[in-house]
1. With charges only on Cβ, +1 for K and R and -1 for D and E, what is the dipole size of the chain about its Cα centre, in debye, rounded to 20?
2. With charges set only on the Cβ (+1 for Lys and Arg, -1 for Asp and Glu), what does the dipole of segment 133-227 come to about its Cα centre, in debye to the nearest 20?
3. So if I restrict to the alpha-carbon atoms in segment 114-227, what is the Rg, and what is Dmax, the biggest pairwise distance, in Å?
4. Whole-Hz ³J(HN,Hα) for each residue in segment 164-170, computed from phi via Karplus 6.51 cos²θ - 1.76 cosθ + 1.60 with θ = phi - 60°, x for glycine and proline: what do you get?
5. With all protein chains present, how much of the accessible area of segment 114-179 (probe radius 1.4 Å) comes from carbon and sulfur, to the nearest whole percent?
6. May I ask what percent, to the nearest 5, of DSSP beta bridges between residues of the chain are antiparallel?
7. If you wrap a convex hull around the alpha carbons of segment 1-111, what volume per residue comes out, as a whole number of Å³?
8. Helix 200-209: angle to the longest alpha-carbon principal axis of the chain, degrees 0 to 90, nearest 10?
Amino acid sequence: MLSRPDARNAISQRMIDELHALCGELEDDPRTLILAGADGVFASGADIAELRSRGAADARRGINTHAFARIAALPMPVIAAVDGYALGGGAELAYAADIRIGTPRLRIGNPETGLGIIAAAGATWRLPAIVGEARAAEMLLTGRILDGAEAREWGLVSSLHDPADLLAAADALADRIAANDPLATRHTKTALHAAAHPAAELELQAELFESAEKERRMTDFLERRGR
C-alpha cells in the first residue's frame, strides 16, 4: 500500500527504497502483487521537491525507472488497483503493472512536460504498448489527464469498480491467477514482456534535469501548492 498521506502518496526516494525491498521479497518468494494507494489516491506523482534538486547524474541513474522495471519484471503478475490521482510517476508505476483496474474517480496521466521534464520512467514505451501510439502521443505531448471512463475506453484499465469494492476486485483477480498453474503463469508473463525497450529517455531526461526551465516550473509548482 502506497501511503504518504501528507503528500498524496507522492513517490519519494524512501518509497522507491521500500519498493526495492518489496521486490526482493517477491523475487525470493514469488506471489501476485497488488499495488494500491491509501486514502483514495494511488500516487499523485513523483516528489517534486526531490525532483527539482536532481541533476543529470540523477536522471542517468534512473531512480524510478529501475524500481518500476523491477516491479514489471517480477516473476508473478502485478495488479494495480488505481483510485483517485495517478499522475506522473504514479501513472508510470501503474503502467508497470500487468493488470490495471480503477474507479470512476480515477485521474491518470503524465503532466511532466508542464514541469520541464519528460515522463522518463517507462511511459514513452509502456504507454504506447497499452493504448496505442496515437493515444500515447496525445497523452504525453499534451499532458492530458484521463478520467476513469476514458481510461477504460482507451484500454488503460480493464474494469472500473466502486472505490469501496476496488481492493476486493483486485483480490478476486489475484485468486483467479492463483488457481492456475504457477509455472504456466510465470511463462505467460515472460512471453508478454519479451520485447526489449530503449533506454534513450534517461539521456533526454538528464539534459532536462539541468535546465533552468525545469527549475522555474517546479519552483512555481511548489509555491502554488504552498499557498
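1. 320
2. Once rounded to the nearest 20, the dipole reads 100 debye.
3. Spelled out, the Cα radius of gyration and Dmax of segment 114-227 are 18.6, 54 Å.
4. Whole-Hz 3J(HN,Hα) from phi for segment 164-170: 5, 9, 5, 5, 5, 5, 5.
5. Taking all protein chains in place, segment 114-179 shows 53 percent carbon and sulfur surface.
6. Details: 3 of 18 bridges.
Roughly 15 percent of the DSSP beta bridges within the chain come out antiparallel.
7. Considering the Cα atoms of segment 1-111, their hull volume per residue is 92 Å³.
8. 40
The values are calculated or read from the model by the stated rules, or taken from the named source; none is laboratory data. The shown structure was predicted, so the numbers you read here are calculated from the model rather than taken from an experiment. In this analysis, Cβ positions are derived from the backbone assuming ideal geometry, glycine residues included, and neighbour counts consider all displayed protein chains. Side chains are part of the model used for accessible areas, which takes the heavy atoms of the whole protein and leaves out ligands, DNA and RNA. Shrake-Rupley method; radii C 1.70, N 1.55, O 1.52, S 1.80 Å.
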